[in-house]
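A.B. asks: Dropping a structure here in structure tokens format, bear with me for questions.
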Amino acid sequence: MQRRPGFPARIDWRQPGAPTAAPPVGARREVQPPTPHGVGLDSAAVRARMVQRLAASGISAGAVLQAMGMIERHRFVDTALANQAYEDTSLPIGLGQTISKPSVVARMIELLLGAECARGNGMGRVLEIGTGCGYQAAVLSRVSREVYTVERLRALHEKARDHLRPLRLANVHLILGDGMLGYPSGAPYAGIIAAAGGDSLPAAWCEQLAVGGRLVAPLAGADGQQMLLVVDKTAQGLKQGILEAVHFVPLKSGIA
Ligand code: SAH
């Protein structure tokens, strides 16, 4: 039987672990199964399952899980891809760029929140390099006081603005510019997070990081393999740790 392609295409109420409102076995005929209608309601259930999977995979920061549960990822991708929005997969957002998978977004933001200066009063100002479609900026806006996000491609910068407008996130500042230069006007930052990877860390990022702040970015090694890099700025200098392998689009210079 052909499945209806409508969103969310992948809910199967018969599966174990399907959303809780599945009809009880032997329910009377007039008790209708909650057939999906209206993206809002349905996406809440699918998003809740995504959050459960993130928690099961080791994301433990409540603030991150809550933010990921709140921001509707399907609104940041093309309608044709909306039914994949809550799967753990990266998706194309145009101009050869991609939105990172939810597990990577959650992992990087959780690491960012580990910044020393975020421990007492929560996360202050954050700089994101690579706005893309604006999804990660929206998640960041729920876990930090201010988000400055820089995108070098005008078309994506504008797309992100369109996606974010209805959310009215007053603490997100969209900047068209070359993120390799950071964004000095908002510095110093408690956190810097890059969604594109080069083979060296731009000096501006380390300069614009506050003491007690943390940078999380992909960085390519000599073999071209990108690894997740965490840099903490302490009073004694920079402390760096290299974590798991990752796969991000390349960091490029200039505006296009
Ligand atoms: N965080 C984004 C992911 C976007 S992909 C999201 O949630 O959708 C990474 C983005 O980094 C791309 O849009 C790419 O154009 C951008 N990028 C690459 N180099 C850049 C630079 N030097 N400055 C700003 N943005 C850059």
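A.B. asks: Among what's in segment 216-242 and is farther than 13 Å from Met180 by Cβ and touching a residue at least 60 places away in the same chain (Cβ under 8 Å), pick the residue that is nearest to the ligand (Cβ to nearest atom).
C.D. replies: Going through the qualifying residues, I end up with Val216.
A.B. asks: Another one. Can you tell me which residues in segment 163-173 are surrounded by fewer than 12 Cβ atoms within 10 Å (Cβ to Cβ) and assigned to a helix (DSSP H, G or I)?
C.D. replies: Listed by number, the residues that qualify are Arg165, Pro166.
A.B. asks: If you go through segment 218-232 one residue at a time, do you hit one that is surrounded by 18 or more Cβ atoms within 10 Å (Cβ to Cβ) and more than 24 Å from Thr98 (Cα to Cα)?
C.D. replies: Scanning segment 218-232 turns up at least one residue that is surrounded by 18 or more Cβ atoms within 10 Å (Cβ to Cβ) and more than 24 Å from Thr98 (Cα to Cα).
A.B. asks: While we're on this one: I'm trying to understand the selection: among the residues of segment 197-215, which are within 12 Å of the ligand (Cβ to nearest atom) and out of contact with any Lys or Arg (no Cβ under 9 Å at 6 or more places or on another chain)?
C.D. replies: Gly197, Pro202, Ala204, Trp205
A.B. asks: Could you identify the single residue in Glu87, Glu110 that is acidic (Asp, Glu) and in a loop (DSSP other than H, G, I, E, B)?
C.D. replies: Glu87
A.B. asks: Against the conditions (1) within 16 Å of the ligand (Cβ to nearest atom); (2) farther than 17 Å from Leu164 by Cβ; (3) surrounded by fewer than 19 Cβ atoms within 10 Å (Cβ to Cβ), where does Met70 fall short? Just the number, please.
C.D. replies: Answer for Met70: the failing condition is (2).
A.B. asks: Among the residues of segment 103-122, count how many are surrounded by fewer than 24 Cβ atoms within 10 Å (Cβ to Cβ) and more than 16 Å from the ligand (Cβ to nearest atom).
C.D. replies: The qualifying residues number 9.
A.B. asks: Could you list, in sequence order, all residues of segment 144-196 that are touching a residue at least 24 places away in the same chain (Cβ under 8 Å), away from the ligand (no atom under 12 Å from the Cβ) and of a type in the set (Asp, Glu)?
C.D. replies: Glu146
A.B. asks: Okay, moving on. For segment 124-159, how many residues meet the condition of being assigned to a helix (DSSP H, G or I) and among the small types (Gly, Ala, Ser)?
C.D. replies: Residues in segment 124-159 being assigned to a helix (DSSP H, G or I) and among the small types (Gly, Ala, Ser): 4 in total.
Table: residues versus (1) outside any loop (DSSP other than H, G, I, E, B); (2) within 18 Å of Thr149 (Cβ to Cβ); (3) within 18 Å of the chain's Cα centre (by Cα).
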{"position": "Ile175", "(1), (2), (3)": "yes, yes, yes"}
{"position": "Ser185", "(1), (2), (3)": "yes, yes, no"}
{"position": "Leu201", "(1), (2), (3)": "no, no, no"}
{"position": "Cys206", "(1), (2), (3)": "yes, no, no"}
{"position": "Arg214", "(1), (2), (3)": "yes, yes, yes"}
{"position": "Lys233", "(1), (2), (3)": "yes, no, no"}
{"position": "Lys252", "(1), (2), (3)": "no, yes, no"}
{"position": "Ala256", "(1), (2), (3)": "no, yes, no"}
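Where a number appears in this text, it was derived from the coordinates with a stated rule and is not lab data. For clarity, every value in this text was computed on a predicted model and none was experimentally measured. Glycine also receives a Cβ, built like all others from the backbone with ideal geometry; neighbour counts cover every protein chain displayed.
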